Each structure stands twice: as C-alpha cells, then as structure tokens.
Amino acid sequence: MALAVDKEALLKKYERNNAAAPGPRKGAGGPGGGPRGRGALASGKPKNMRQTIGRLLAYTKGDRHKFIIVAICLLGNSISMLAGSYVLRPVLNSLVDTETTVAQKGASLVLGLAVMATIYLLGVICNYGQMRLMLGISQNALQKLRDDLFNKMQKLPVRFFDTNSNGELMSRFTNDVDTIGELFNTTLVQLISGIISIIGTFCLMLYTNVALTILTIISIPVIARTGLWIASKSRTHYKAQQAALGAVNGYIEETVTGQKVVKVFNHESTAQAEFQILSDNLQKRQMKAQFIGGIMGPVMGNLGQLSYAITATVGAVLCVTSGFDIGGLTIFVNYSRQFSRPINELSMQMNVIFSALAGAERVFDILDQEPEKEDAPDAVDMTDMRGYVKLTDVTFGYTPEKTILKNVSCYAKPGQKIAFVGSTGAGKTTITNLINRFYDIEEGVITIDGVDVKNIKRDTLRKNIAMVLQDTHLFTGTVMENIRYGRPDATDEEVIGAAKLASAHSFIMRLSDGYNTMLEGDGANLSQGQRQLLNIARAAVSKAPILILDEATSSVDTRTERHIEHGMDRLMKDRTTFVIAHRLSTVRNSHAIMVLEQGEIIERGTHDELLAMGGRYYNLYTGKAELA
C-alpha cells in the first residue's frame, strides 16, 4: 500500500535538485571536512555580451580568411535571391504588354527564365560554399575551445573540484559547448545573412515603390513585437518544462540505481505514486510549453499574410490609379515577404543567441579560474626521495571562517607506518591533502627529507607519493593499462609483479582475457574488492617511497579486507606509510597512532601504549566510545 505523498514537497524537492545543468552529481563538500557549498560558476543570461562575443570570435582568428570568403558567399547568395526576384519584373511587364507579339513574349520569358536559373545557380553555389566553410570554422573553434577547457581543468587546484559538482563541470563540456556550436553553425550565419537580406531587400523595395515601402515598414514593428512577446512567454514555459523533465529524469535515475533498496523495503507502490505525480507535472508543463511555442509559427505567418494582403491591395490600387506596373507590384509583394522573413527568424533565434552566450560565459568562467600556483623559481627536483615526512605546527582551514587543523606536529621516518584515527571531520584526510600539496598550508611547515614541500616541484612531489583511496576509480581500458596508470613507463613484467605484490594476480588470471581484459564503466564487471586490489597494484607499480591509504578497506567485507591487507602489507614494506582507518584492527601494527579530535592530536603512541593510557583510543578500541 502506497504512503500518502506530499505533492508540493515532492515537486519542490526534485525540481530544485535538478534545476542545474543535467549530468551526474556529487556532493560539493571536500574530503575529510573539506570546503562545503557550491562553486560560484555563472549561470543564466549573459552578463557582458560584447566581451563574450569578442572572446568567442577570437577562437576563429586562424580562420579569418575563411570568414571573408563566407561573408562574400553570403553576400552573393543574398544578391542572387534579390536579383532573381527582380528579373520577374521585366518578364511580367512584357507578358502583359499588349504591344508585344507572342513570339516576343515567348523569347522574353525564355530569356528571363534562363537568367533567373543562372542567378539562382550562383546563389546555390554560394550557399553551399558558405555552409562548408562555416562548418569548418565552427568545428575548429569548438575544438580549440574544448581543448582549452580540458587543459585548464588539468591545471586547476583540487579546491576547485571540491567546491563544484561533477554535473556542473560536465555540463560545460556538453550542453554549453553544444549551444556555442549551434550558434556558430547556424545562428551566426542566419544573423549575418538576415542582416544582408534586410538591407538589400529594403533598398530594392525603396527603389521599386516608396509608398509601399513605408506601408511595409509600419507593419514590421507589430510583427516583431508580437514574436518577441510570444518568445518571452514560451521561454518561461520551456524553463518550467526543463525543470519538470529534470525532476523526472532524476527520479528515474535515483530509483533505477536504488532498485534493490526499493524492493527490500517494499517501496514499489510509493515509488509509482511519486513518479505518477512527477510525470503528470511534466505532461502539464510540456503541453503549455509546446502550445505556446507552437503558436509562434502560425501567429507570425498569419501576421505576415495580413501584411502581405494589405500591401498587395494597396499596390493593386496604385497600379490602377498611379500607373504602377504589374511586374513592380509582383516583385514588391515578394520582397515584402523576404523582408519580414529574416526579422521573424532573428526574433525566434534570440533565445538561442542568449543561451549560447550564457553558455560561453560559463565556459569562460572556468577558463578564467586561477590555476594551481606555479612552482617556486628555486623549487627542487628530488630524484632520490627517501620519505622522511615531518609536520611542524601546521594550522589549516579550507575556508578562513573555519580552522580544520590546529598546530599539528608529527613525523614519519622512512619505512614507518603512521596511522590517523578519530571522528569524521577531525582532519585526518586533510593532513594527507596537505602532504600532497592539494592545498597549501597557512601556518607551519611540512618537510620531506628536510625540504619544505613548497620548495619541491609538484610533479616530483606527487610522483613520489602513491595513494589508495576508499573510492576506487578505474579507467576504460585493459587491466594492464589501469595498473600501468601508476607509472606509464612500467614494463609488462613490472605490472605483473605489482599485481602479485597486491594479491591481484590470481583473480586477474581468472578473467576472460587476463591482463588484457577490457574494463568499462569504472570496472563494473569486477567486485569492489577486486577493484581495490587493482588500485593497490597501481600504487605498487609506481614505486613511490611514500604511501597514503585513506579508508582503503572500509567498503569491503571482512574476508576481502584480510585479502587486501595482505597485499597492502607487502606494499607498505620499506615505504613511509600514512594510514587512515575507522576499523582500528587495521592499524594495530603501526609504528605510531595519532588520535585526532577537532583538528588536534590528543593522543599519540603505539597500539599497546595507547591502550595502557586508557584514553580516547582505549575507549574506541574497546567499544566504549564510537567514531562519530
């Protein structure tokens, strides 16, 4: 039996959670008590259109010569359309002229049709040329933009990724770049072509008949304002439709992913009731959006037809009363249609233009982010790092308002295993982030082999530190390639040796193609324990003298944990190791255990020493206290 569902609360919850750009989401909080909240990336309408347009056009700088040819082709195409129509004037006038013979009328008609065919053929050639060239220009620009965006991502500090969700960042590569591509591919061409067509048509209309031109100009604002009014209304409804669509998609993804939980707790009926509410809401909003958006064409078309009818009627009167020629009237009413068509198209393209420019600003927001600080000019390249790590009076906070670590001091000699235990948010992971220089400390000093980490080149520092995290991540590729990710120049023998060291070799050999087995979907065809063993093998092949294990066994069962621990024990041999664990049984053999609470080390010592103290560690180990 389904529980009663609060419709308003349900809609508010899912539409709020899916109001951002579509894509996978993650929590914005940084690891280990890291920064909370969302990043301040731009959204909505463009704030500085002129600057954004200038930056977009800068990506076409290498194709400026093609732009000139495109402009010429657009001009040629517009001229051919206008000239082809104008050829009708003498042809029609000769046909209605009572003083010309049938033979002369036939010759005039054939000549006119031949001229029109030639002119339109040239227009087709120009149109084909501009389409091919513009496609090349747009794709080159998009490639440069994507390359710049991806390259910038690799240079941004970890802080940036901790404060912006994956969905927001992925939408920059997909939705925003796609809207920019649409702007380059079609809208920009229509904009330029429309302006040329409007100017050319207006000049010919003025040349043909001034009075009818004034009449046509008077009707244009009415048509344009009507189109803009409908566009503004449809924009509101389309926004509501997208929010409802995002809510439905989000609920489907959430329910499919958690289907086992749904079934275990007999939540099927409630899930159906909730989905029905979201689906009904989407239907209503889609009907409104599609109806308002759908009437744009008919309304604009009818207004155009009305203007066309008025122009034709007045023109006919002028033909009778003022000697205006039939050919002139025919081409004028044709021009009046050509004159209003690009205006209607441009008014309908404003949403695309604003959307593309807003998307470009979001892309440029990332490109304008401060990259990770450059290495100091005197930074050293340590090729023989031993792994003597020392923290002295380290104070740090992800934000100025909240200090995470307070005067933390500890050291690890080469080959020692140091464990950090404590409550969630105590600062355990933060310490490892600082050793890696994912963040720079505010006070205190961190040294490796006596050298301040700020004076060690980042690539050297991180090359000498291997990490095995709680959340495993495998890339699309073979098992061999995933292990070799730890050191790209490792030989096959070294990769296999690392797998044996990590206790992964036996299960790898049972896979369909052994080390050449393809992994997709983050290793979805492997168990959690197997994925973790590959991560350990990846760390082993790196041969880094410093090893960080951050909750590496917390998400696996006890049997798998013991299997993984055998691999980690071999991995930790002769390496300086920092271990973060909630399961205190995994840190018993550590050379020193640091107990952190609220950013401070409150106890330190070996397992036996801490038990003898009867303090916080003793209470945790004996179950008298919990790791909250």
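The values are calculated or read from the model by the stated rules, or taken from the named source; none is laboratory data. These figures come from a predicted structure and were not determined experimentally. FYI the Cβ positions are ideal-geometry reconstructions off the backbone, even for glycines, and counts take in every protein chain you see. When the accessible area is computed, the model is the full protein with side chains, heavy atoms only, and any ligands, DNA or RNA have been set aside. Shrake-Rupley method; radii C 1.70, N 1.55, O 1.52, S 1.80 Å.
Once segment 260-278 is narrowed to residues that are in contact (Cβ under 8 Å) with a residue 12 or more places away in the chain and open to solvent by 40 Å² or more (accessible area, probe 1.4 Å), the residue that is farthest from the chain's Cα centre (by Cα) is SER269.
Only residues that are at pLDDT 75 or above and surrounded by fewer than 18 Cβ atoms within 10 Å (Cβ to Cβ): list them for segment 229-239, please. Passing the criteria: only TRP229. Scanning segment 305-327 for residues that are of a type outside the set (Asp, Glu), more than 12 Å from THR213 (Cα to Cα) and either open to solvent by less than 20 Å² (accessible area, probe 1.4 Å) or not in a helix (DSSP H, G or I) (or both) gives SER322, GLY323, PHE324, GLY327.
Suppose we keep only residues that are in a loop (DSSP other than H, G, I, E, B) and open to solvent by less than 90 Å² (accessible area, probe 1.4 Å) within segment 616-628. Which one would you say is modelled with the highest pLDDT? Residue satisfying both the conditions and the ranking: GLY623. Residues in segment 245-283 that are modelled with pLDDT under 80 and either under 17 Å from ALA9 (Cα atoms) or of a type in the set (Asp, Glu) (or both): LEU245, GLY246, ALA247, GLY250, GLU253, GLU254. So, GLU561, is that one modelled with pLDDT of 90 or more, open to solvent by less than 40 Å² (accessible area, probe 1.4 Å) and among the acidic types (Asp, Glu) or not? No.
Among the numbered conditions (1) hydrophobic (A, V, I, L, M, F, W, C); (2) touching a helix residue (DSSP H, G or I) at 6+ places or on another chain (Cβ under 7 Å); (3) modelled with pLDDT under 80, the only one that ALA83 does not meet is (3).
Just for segment 586-628: of the residues that are among the polar types (S, T, N, Q) and under 42 Å from the mean Cα position of the chain (by Cα), which one is nearest to VAL408 (Cα to Cα)? Here the residue is GLN598. When segment 105-117 is filtered for residues that are open to solvent by 80 Å² or more (accessible area, probe 1.4 Å) and under 10 Å from VAL87 (Cβ atoms), the ones remaining, listed by number, are LEU111, LEU113. If the condition is being closer than 24 Å to ILE546 by Cα, touching a Lys or Arg at 6+ places or on another chain (Cβ under 7 Å) and crowded, with 16+ Cβ neighbours inside 10 Å, then segment 363-409 contributes GLU372, ASP375, ALA379, GLY387, TYR388.
Does THR186 satisfy being surrounded by fewer than 18 Cβ atoms within 10 Å (Cβ to Cβ), in a helix (DSSP H, G or I) and either on the phi > 0 side of the Ramachandran plot or within 28 Å of the chain's Cα centre (by Cα) (or both)? Yes: the conditions hold for THR186. When the helices (runs of 4 or more DSSP H) confined to segment 417-514 are screened for residues that are in contact with an Asp or Glu (Cβ under 7 Å, 6 or more places away or on another chain), open to solvent by less than 20 Å² (accessible area, probe 1.4 Å) and hydroxyl-bearing (Ser, Thr, Tyr), those reaching at least 1 such residues are found at 428-435, 458-463. In segment 66-94, the qualifying residues are those that are surrounded by 17 or more Cβ atoms within 10 Å (Cβ to Cβ) and without any contact (Cβ under 8 Å) to a residue 40 or more places away in the chain, and the one that is nearest to PHE324 (Cα to Cα) is SER94.
Being in contact with a Phe, Trp or Tyr (Cβ under 9 Å, 6 or more places away or on another chain) and more than 30 Å from HIS591 (Cβ to Cβ) is a condition met by no residue of segment 394-412. Within segment 144-159, the only residue that satisfies the criterion of being surrounded by fewer than 15 Cβ atoms within 10 Å (Cβ to Cβ), modelled with pLDDT under 90 and not charged (D, E, K, R) is GLN154. Going through (1) under 57 Å from the mean Cα position of the chain (by Cα); (2) more than 22 Å from LEU57 (Cβ to Cβ) one by one, THR100 falls short only on (1). For segment 88-124, enumerate the residues that are β-branched (Val, Ile, Thr) and either at pLDDT below 80 or within 15 Å of GLY200 (Cβ to Cβ) (or both). Once the filter is applied, which keeps residues that are β-branched (Val, Ile, Thr) and either at pLDDT below 80 or within 15 Å of GLY200 (Cβ to Cβ) (or both), segment 88-124 yields VAL91, VAL96, THR98, THR100, THR101, VAL102, ILE119. Selection of segment 537-551 for residues being on the phi < 0 side of the Ramachandran plot and not in a strand (DSSP E or B) yields ALA537, ARG538, ALA539, ALA540, VAL541, SER542, ALA544, PRO545. Within segment 330-342, identify whether any single residue is over 25 Å from PHE184 (Cβ atoms), surrounded by fewer than 16 Cβ atoms within 10 Å (Cβ to Cβ) and hydrophobic (A, V, I, L, M, F, W, C), and answer yes or no. No, every residue in segment 330-342 fails to be over 25 Å from PHE184 (Cβ atoms), surrounded by fewer than 16 Cβ atoms within 10 Å (Cβ to Cβ) and hydrophobic (A, V, I, L, M, F, W, C). Annotation note: of GLN154, GLN241, the sole residue that is out of contact with any Leu (no Cβ under 8 Å at 6 or more places or on another chain), more than 30 Å from PHE324 (Cα to Cα) and in a helix (DSSP H, G or I) is GLN154. For segment 578-615, filtered to residues that are part of a helix (DSSP H, G or I) and open to solvent by 60 Å² or more (accessible area, probe 1.4 Å), the residue that is modelled with the lowest pLDDT is SER585.
Pairing residues of segment 142-153 that are over 17 Å from ALA356 (Cβ atoms) and touching a residue at least 40 places away in the same chain (Cβ under 8 Å) with residues that are of a type in the set (Val, Ile, Thr) and surrounded by 15 or more Cβ atoms within 10 Å (Cβ to Cβ), at Cβ distances under 8 Å and at least 6 apart in sequence or on separate chains, gives LYS152/ILE366; MET153/ILE366. A residue that is among the aromatic types (Phe, Trp, Tyr), part of a helix (DSSP H, G or I) and either open to solvent by 70 Å² or more (accessible area, probe 1.4 Å) or within 27 Å of ILE331 (Cβ to Cβ) (or both) occurs somewhere in segment 206-220.
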